[in-house]
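The values are calculated or read from the model by the stated rules, or taken from the named source; none is laboratory data. Predicted model, so just to flag it, every value in this text is computed and none were measured. Cβ: placed from backbone, ideal geometry, glycine included. Neighbour counts: every protein chain shown. Please note that ligands, DNA and RNA were not included when accessible areas were found on the heavy atoms of the full protein model with its side chains. Shrake-Rupley method; radii C 1.70, N 1.55, O 1.52, S 1.80 Å.
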Amino acid sequence: MKRSRFGAKFTRESGILRLMDDLGEAASADAPVLALGGGNPARIPEVESIFRKRVRTALDSGDELERLIGSYDAPRGNREFIEALARLLRNQFGWNLADSNIALTSGSQTSFFFLFNLLAGRGEDGCRRRIFFPLAPEYIGYGDVGIEPDMFVSRRPEIEHIPPDLFKYHIDFGALSLGDDIAAICVSRPTNPTANVLTGEELSRLSELARDRAIPLIVDNAYGTPFPDIIFNDAEPVWDENVILTMSLSKLGLPGARTGIVIADEETIRAISTLNAIVSLAPGSFGAFLALELVNSGEILHVARRVLRPFYERKSRQALDWVRESLKGLPYRVHVPEGTFFLWLWFEGMPISSQDLYERLKARNVLVVPGHHFFPGLDEDWRHRNECIRINYAGSDSDVRRGLDVIAEEIRAAFL
Ligand code: PLP
């Protein structure tokens, strides 16, 4: 087959494809696989029962199911859900937004495909523009969504060592000279893969930088506040007309419903609606349907704060304890876990690359994600990116425990 440039770029091997393939293989493998790799959230019975009840009610009441599956939503997404969300955000946080500031997509991954390609690449004026990630490592899913080559640029962090075995990345504001070719600044908060949470101050400095250059600040809130609120400190949600805030129902427990939310200025929202119409006619209706009542009543905030957050905070503390037990005596460090359901492990001076480590672990049926995929737009050679791995601790406690023991064995062997 003779492929277009688009075809060649979007069908080659990529980090996100490997991660999602691993996830699919793990689900259907004959031998038990310890899936500490992809981004599946935990199964939390208290949350699952809410959605089960919602489906049952729809089945039992008139033609609700038929109305759900029998028609397309508008290209901007389900109107009732958008109205309810706008109301909730206005009442709860005083944000000055209307329905016209919100659009739904078929998942945040789709939101990023739209947003990055909307803003960066070759412009109508002939200039090439890029998306700027001020703090690499950043989310693996960003790096491959650019239709044009070379659409991303990022900066290494400052590293703070926190004895005895933790570390924390900080934005190196001194190194953030933004060229005229920067179309938007983008951060995930909390950050996937590191579990870092940018402080309010860091965020307002980025916001100021963006405003000064009349470009948007994109904040990827897939794990953030107010929902799913998988964040272990008191970070405040932020939005204003210069911020493009992306949210998702995936980490609330609905990754299969593929529902992303974009909150932005009206022009951006109109563009997202148009892209939805062209690419998929309309986003799916199912996620909005499942979450509508929770948003209407505001209960979504309580479910996030009272159920999801403590659940993941406990899992995070436990995973860290197990890392400390399993890897005792080995040269490991863990990024301070402030949110998400990942631990980002750093093996300084590791004689093999994180890709080799990934392969050795995969051969033993333990899946992780090698660190080098998380540096979109970082061109310089930096050993650190081959010394880290990301593990997901949302799975069963026994799988996480056993997985960490295998990781420790392979690390010990690598350093021998
Ligand atoms: N952004 C971040 C930081 C993520 O971790 C993910 C998924 O893991 C996404 C975006 C995409 O999420 P979804 O497309 O399921 O909404």
Within segment 61-78, residues open to solvent by less than 60 Å² (accessible area, probe 1.4 Å) and in contact (Cβ under 8 Å) with a residue 12 or more places away in the chain come out as Leu68, Asp73, Ala74, Pro75, Gly77, Asn78
Taking only pairs six or more apart or across chains, which ones have beta-carbon atoms under 7 Å, a first residue in segment 235-248 that is open to solvent by less than 10 Å² (accessible area, probe 1.4 Å), and a second residue that is away from the ligand (no atom under 16 Å from the Cβ) and in a loop (DSSP other than H, G, I, E, B)? Val243/Pro216; Ile244/Pro216; Leu245/Trp239
Out of (1) within 16 Å of the ligand (Cβ to nearest atom); (2) closer than 13 Å to Met247 by Cβ, the one Leu89 does not meet is (1)
Can you tell me which residue in segment 42-60 is surrounded by the fewest Cβ atoms within 10 Å (Cβ to Cβ), limited to those that are in contact (Cβ under 8 Å) with a residue 12 or more places away in the chain and of a type in the set (A, V, I, L, M, F, W, C)? Val55
Search segment 18-41 for residues being more than 16 Å from the ligand (Cβ to nearest atom) and open to solvent by less than 40 Å² (accessible area, probe 1.4 Å), and hand back the single one that is modelled with the highest pLDDT. Leu34
May I ask you to list the residues in segment 42-58 that are at pLDDT below 95 and of a type in the set (Ser, Thr, Tyr)? Thr57
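Is one or more of the residues making up segment 159-174 exposed (fewer than 14 other Cβ atoms within 10 Å of the Cβ), acidic (Asp, Glu) and assigned to a strand (DSSP E or B)?
Checking segment 159-174: at least one residue is exposed (fewer than 14 other Cβ atoms within 10 Å of the Cβ), acidic (Asp, Glu) and assigned to a strand (DSSP E or B).
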Go through Ser248, Ser273, Ser207 for me and flag whichever is on the phi < 0 side of the Ramachandran plot, under 13 Å from the mean Cα position of the chain (by Cα) and not charged (D, E, K, R). Ser248
Any residue in segment 138-156 that is part of a loop (DSSP other than H, G, I, E, B), among the aromatic types (Phe, Trp, Tyr), within 16 Å of the ligand (Cβ to nearest atom) and modelled with pLDDT of 95 or more? yes
Specify the residue that is nearest to the ligand (Cβ to nearest atom); the eligible residues are those in segment 254-263 that are surrounded by fewer than 23 Cβ atoms within 10 Å (Cβ to Cβ) and part of a loop (DSSP other than H, G, I, E, B). Arg258
Hey, among Tyr223, Tyr142, which residue is in contact with a strand residue (DSSP E or B) (Cβ under 6 Å, 6 or more places away or on another chain) and hydroxyl-bearing (Ser, Thr, Tyr)? Tyr223
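Tell me the residue from Ile230, Ile244 that is modelled with pLDDT of 95 or more, within 14 Å of the ligand (Cβ to nearest atom), within 18 Å of Gly94 (Cα to Cα) and in contact with a Ser or Thr (Cβ under 7 Å, 6 or more places away or on another chain), please.
Ile244
Answer with yes or no whether Gly284 is surrounded by fewer than 19 Cβ atoms within 10 Å (Cβ to Cβ) and either within 16 Å of the ligand (Cβ to nearest atom) or at pLDDT 95 or above (or both).
no
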Of (1) open to solvent by 10 Å² or more (accessible area, probe 1.4 Å); (2) more than 22 Å from Ala98 (Cβ to Cβ), Thr268 satisfies all except one. Which? (2)
Does Asp144 count as under 30 Å from Val47 (Cα atoms), of a type in the set (Asp, Glu), open to solvent by less than 50 Å² (accessible area, probe 1.4 Å) and in contact (Cβ under 8 Å) with a residue 60 or more places away in the chain? no
Identify, by number, the condition in (1) in contact with a Pro (Cβ under 9 Å, 6 or more places away or on another chain); (2) in a helix (DSSP H, G or I); (3) open to solvent by less than 30 Å² (accessible area, probe 1.4 Å); (4) not aliphatic (A, V, I, L, M) that Phe81 doesn't meet. (1)
Matching residues in segment 104-133 - criterion: being in a helix (DSSP H, G or I), surrounded by fewer than 18 Cβ atoms within 10 Å (Cβ to Cβ) and more than 16 Å from the ligand (Cβ to nearest atom): Leu118
Quick one: Leu97 ticks every box in (1) open to solvent by less than 40 Å² (accessible area, probe 1.4 Å); (2) assigned to a loop (DSSP other than H, G, I, E, B); (3) closer than 30 Å to Pro370 by Cα except a single one, so which number is it? (3)
